[in-house]
Each structure stands twice: as structure tokens, then as C-alpha cells.
């Protein structure tokens, strides 16, 4: 994974893990690779991965079984709602950028149709 300079690495790792959960790379109630394995995968320290994982636990997407590891929630509705919240944030960010560029929603839709 190539990290961007505009956001802390632990947040980028968290977002990538969320996307992997959304894509069912880690299924419902499936064990997530260990902190050590993920730190090797992302080429970051275990502290960064643990910080990312803590945020996912706080969001309810992941839970910990002591002595066994971290698992994806069994709550598919929670995952669906989390996806919707992420999409809503992206749409809001896009609306702000479009407004700054003085591009209307109609113009943007036209641009999207031309890309097909």
C-alpha cells in the first residue's frame, strides 16, 4: 500500500481494512490476520496497526477474542450502515469540491456519462 502525506498512516490503514471488510475479503465473524501479520503486510509498526484496529473495534466492525485475535462483526447491518456513512461522507466532500470548482450537479453528471 502506498501511503499519502495528507492523512496519518494509522487512519489510512484503518480505511484500507474497512474497505477489505466491505469487499468481504474478511467475511462476517472471520478472523482478521494478526497485528504482526498486518504490520508486515502494510510495512508499518505493530503500534500503527493496533491503533487502526482499536478504531475499528470502537466502530463495532471488529471485536477481539482474548488470546485468539480480532474478528469481523457478525452484524451485516452495521457493516451496511458503515458503508452508507462512508459514501455519504464522500458525496459531501465531492459536493464541496464541485462547488469550489463551480461545477453544477448536472454538469458533473454529464461528465460522468461522457466517461462511460
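Placing a label point 7 Å from the Cα of residue 100 along the Cα-to-Cβ direction, the residues of the range 6-49 whose backbone N falls under 19 Å of that point are 6-8. Going from the residue with the fewest nearby Cβ atoms within 10 Å to the one with the most, 109, 32 rank 109, 32.
Distance between the pseudo-spin-label points of residue 90 and residue 107 (7 Å out from Cα toward the beta carbon): 2.3 nm. Here the alpha carbons of the range 9-74 define both size measures, Rg and Dmax, at 10.6, 29 Å.
Please arrange 94, 56 by how many other C-beta atoms lie within 10 Å of their C-beta, fewest to most. Intermediate values should be presented prior to the final figure.
Values: 94 12, 56 22.
Fewest to most other Cβ atoms nearby, the residues stand as 94, 56.
The range 27-59 and the range 74-116 have their alpha-carbon centroids 27 Å apart.
If the convex hull of the alpha-carbon atoms of the chain is projected onto planes in all directions, what is the mean projected area in square nanometres? If you can, show how the numbers build up before the last one.
Details: hull surface 35.9 nm².
Its average projected convex-hull area is 9.0 nm².
Each of residue 29 and residue 116 was given a label point 7 Å from its Cα along the Cα-to-Cβ line. The distance between the two points is 4.1 nm.
Throughout, read-outs are computed from the coordinates displayed, never taken from laboratory work. The shown structure was predicted, so the numbers you read here are calculated from the model rather than taken from an experiment. Neighbour counts run over all protein chains shown; Cβ positions are idealised from the backbone, glycine included.
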